[in-house]
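Laboratory data are not the source of any read-out in this text; all were calculated from the coordinates shown. Because the structure is a prediction, the values reported are computed rather than measured. Quick reminder, even Gly has a Cβ in these numbers, built from the backbone with ideal geometry, and neighbours come from all protein chains shown.
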Amino acid sequence: MRKHTTYGFTLVELSIVIVIIALLTAGVMSGKNIVKLSKLQNVIKEIKEIETATHSFKDKFKYYPGDFPSATTYWPSASPAAVNGNGNWQVPLFSTEDLQFWVQLNLASLLPGKYTGAASAATWHKAGENCPKSTFPNGGYDAGYHISGVYGTNGNFMEFGALVGSPNGLYNSSILTSADAHSIDTKMDDGLASNGNLYTIRGANSTGSGCVTAASTAASASYILTDTAVNCRLWFWFDKNKQ
């Protein structure tokens, strides 16, 4: 009878296999991190683009987009039609002005895209229809005026988040983790959740204690970087404490 010999892996061979697996795993994780960082960088780019366009409009026309009281005179044949604002330096949510905000930025050739200026059939805002759509998955932007205070601050703002549907139709749902929001804040502002021009707030659908250490009605809040759930949205001020 023949004698069969069974050979196993040597320690060297096992070590090589383990190293290869580790390298492949590291490569996959590194690739995911690169993709995530690219998405976050795009959000920074979008916010800065809207910020620059808004301040350029204000410098030229002496009013915020949407609030411009001579819009129909300046763009008499615009399609969609320009609508005059009341010139009080406030762009209230759920008004003609908050939707005209995007229309007038586009008519002034300051922001690309095409916006209807009308409320969406299902929800007030709909990214890509009457407000900007983000390249970040499920993300969009709305703009308005807040008077009741976010961390004790009011003024004209834009908001980045996921859509909360009927009846509100705002992009104020959670879209980022605390670490993601902190990364954006650090790169474009001061890295503090309730200071500077960029605030981080719990999303309307977040868990009660996620994202930051306090609700937006508090005086201040800090990032909870150990919270890995998607509980955050961003709030960018065009002006602060302007009545």
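Assorted remarks:
- Structure-derived Rg/Rh (Cα atoms, Kirkwood Rh): which label, when the choices are (1) 0.95; (2) 1.20; (3) 0.99: (2)
- Contour minus Cα-Cα distance for Thr135 and Val35 (0.36 nm per residue): 34.8 nm
- Compared with the dominant principal axis of the Cα atoms in the chain, helix 11-61 is inclined by about 10°.
- Simple label model, 7 Å out from Cα along Cβ direction - Thr217 to Ala204, nm: 1.7 nm
- Computed about the Cα centre, the dipole magnitude for the chain is approximately 700 debye when only Lys and Arg (+1) and Asp and Glu (-1) carry charge, each at its Cβ.
- Working from Cα pairs under 8 Å separated by at least six residues, relative contact order for the chain is 14 percent.
- Using a 4.7 Å Cβ-Cβ cutoff, the cysteines of the chain lacking any partner cysteine are Cys131.
- Likely footprinting exposure, His125, His146, fewest C-beta neighbours within 10 Å first: His146, His125
- Taking the fewest neighbouring Cβ atoms within 10 Å as the starting point, the ordered list for Thr72, Thr96 is Thr72, Thr96.
- One decimal place: the segment Ser15-Ala121 gains 32.0 nm when fully extended, by the rule 0.36 nm per residue minus the C-alpha distance.
- Cβ crowding within 10 Å averaged over residues, with 208-217, 74-83, 231-240, 97-106 ranked highest first: 97-106, 231-240, 208-217, 74-83
- Per-residue Cβ neighbour counts within 10 Å put Ser183, Ser38 in the sequence Ser38, Ser183, beginning with the fewest.
- Rounded tilt (10° steps) of 178-188 against the dominant C-alpha axis of the chain: 60 degrees
- Normalised by the number of residues in region 138-238, the average gap of Cα pairs under 8 Å and 6 or more apart makes the relative contact order 32 percent.
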